Amino acid sequence: MPERLSNRLLEHRTERGLTQAALAELVGVSRKTINTVENGVFVPSTVLALKLARALGEPVERIFSLEG
Amino acid sequence: MVIQSDIEAADRLTQRRARMLPTMAVIFIAQQGIYFTTKTEDLTRPVDQLRIAGWLLMSIVLLLALTTDGFWFKPKRVRELMDDEPTRANRADALRVGFLATMVGAIGLFFLSFFDPLEARETIHLLMAIGIGVALIRFGWLERRAL
């Protein structure tokens, strides 16, 4: 059974009161990048996952985890 | 630190690109239709030369739009934001699908040539229309899905 990357980006972002655009600004990426990662449309690279985790002040494994 | 206006500008241009790409594909494919319905054997008339030059120019522009981040006259930072990870992944997928469609088209034309000999120019037109058209539609569809 193929493994799938799930994420809790939306949860962590809203906890901090950030919009997608505000998080995009913090990370230095487009709003589309945040949207596609949040919705599971796109699996981010390790670099982007680490940048997102750093911007949210969380360890990367609290935001991204393997499913299945 | 990225200023807000760059992100907003990139967002707006990304949406425009997602709407524009399939439209450009339809125009490009329609242009091939005009070529085949008004075919001429020689290209001595200026109007035919202009038509061919237009087709070649449009093909090159569309190929560049597909393979680069596009919007070449916009600030570098905005273009970098538009050429983000999902866009690069979508572009790679679109080029893969475009390449496959071209190969399938080439195989089809190979068999067709046994029954109806094809001119080199016709064949090139068809293969370019398939490859560029399919890649543009695929890229546009993936980009719209990502918005």
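The values are calculated or read from the model by the stated rules, or taken from the named source; none is laboratory data. These numbers come from a predicted model, not from an experiment. Every residue, glycine as well, gets a Cβ built from its backbone with ideal geometry; the counts of neighbours run over all protein chains shown. Remember, those area values only see protein heavy atoms, side chains included, never the ligands or the DNA or RNA. Shrake-Rupley method; radii C 1.70, N 1.55, O 1.52, S 1.80 Å.
Considering each residue of region B:117-137 in turn, at least one proves to be open to solvent by 50 Å² or more (accessible area, probe 1.4 Å), closer than 18 Å to B:Q15 by Cβ and touching a residue at least 40 places away in the same chain (Cβ under 8 Å). Look at region A:34-46: where a residue is facing chain B (nearest Cβ under 8 Å) and touching a residue at least 12 places away in the same chain (Cβ under 8 Å), no partner that is open to solvent by 30 Å² or more (accessible area, probe 1.4 Å) and in a loop (DSSP other than H, G, I, E, B) sits 6+ places away or on another chain with Cβ atoms under 6 Å. Residues considered: B:D69, B:D84, B:D48. Of these, the only one that is among the acidic types (D, E) and more than 14 Å from chain A (Cβ to nearest Cβ) is B:D48.
Candidates in region B:138-147 are the residues that are touching a residue at least 60 places away in the same chain (Cβ under 8 Å) and hydrophobic (A, V, I, L, M, F, W, C); of these, the one that is nearest to the other protein chains (Cβ to nearest Cβ) is B:A146. Checked against (1) at pLDDT 90 or above; (2) under 22 Å from B:V26 (Cα atoms); (3) of a type in the set (S, T, N, Q), B:T68 passes all but a single condition, namely (1).
Number of residues in region B:107-116 that are of a type in the set (A, V, I, L, M) and open to solvent by 40 Å² or more (accessible area, probe 1.4 Å) equals 2. On inspection, B:A89 passes the criterion of being within 14 Å of chain A (Cβ to nearest Cβ) and closer than 30 Å to A:V47 by Cβ.
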